[in-house]
Amino acid sequence: VTPSRRERERLREQEGVSKTLSEKATKSPTRSPSHEAASDPSLCDSRGRLLKAPRNAYQIFQRETDVRARVQTKHPEFGLQEINNRIYKKWQDISDGDREKYAAMARKHKKEWEKANASAPPPEPQIPAPALRAALGGGGAEGGIREWL
């Protein structure tokens, strides 16, 4: 039998436990230099941190036209997948001239993002698995990566 919420709170008080899991979850995580707030809000995510990558034309189309909010209000019964499908269909239906407009906005956004992100440390290089196996002496049953691990 699991204790009720009041019983759990009473037990925490008796044991001197100060924070519940939900209180610990609200603690803000430490931010790396690449996630410092940028002065331009278009270069930030919803939490005000610098984006990890610049937005592409499709993402800018979604933000500029506010199509997601319109689909959600028109069809509140839709799940995430159906909403994304509708947005993509709208993206496919716009003219090539409009797409080029969003592509130009994406190129401009990328330049601004690169300028804002210039002071951030470069990302750590990712070693592809085949190159890692080769560097560690193969990946067969005898020797190589299996012995190393």
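The values are calculated or read from the model by the stated rules, or taken from the named source; none is laboratory data. What you see is a predicted model; the values in this text were computed from it and never measured. Cβ coordinates were reconstructed from backbone atoms using ideal geometry, including for glycine residues, and neighbour counts include every protein chain displayed. These accessible areas exclude ligands, DNA and RNA; they are computed on the full protein's heavy atoms, side chains included. Shrake-Rupley method; radii C 1.70, N 1.55, O 1.52, S 1.80 Å.
On the basis of being charged (D, E, K, R), in contact with a helix residue (DSSP H, G or I) (Cβ under 6 Å, 6 or more places away or on another chain), open to solvent by less than 80 Å² (accessible area, probe 1.4 Å) and modelled with pLDDT under 95, does residue 55 make the cut?
yes
Tell me, yes or no, whether segment 73-94 has at least one residue that is among the acidic types (Asp, Glu), open to solvent by 100 Å² or more (accessible area, probe 1.4 Å), at pLDDT 70 or above and under 23 Å from residue 50 (Cα atoms).
no
If you check every pair at least six apart or on different chains, which have Cβ atoms under 7 Å apart with a residue in segment 39-65 that is at positive phi first and a residue that is modelled with pLDDT under 75 and assigned to a loop (DSSP other than H, G, I, E, B) second?
48/37
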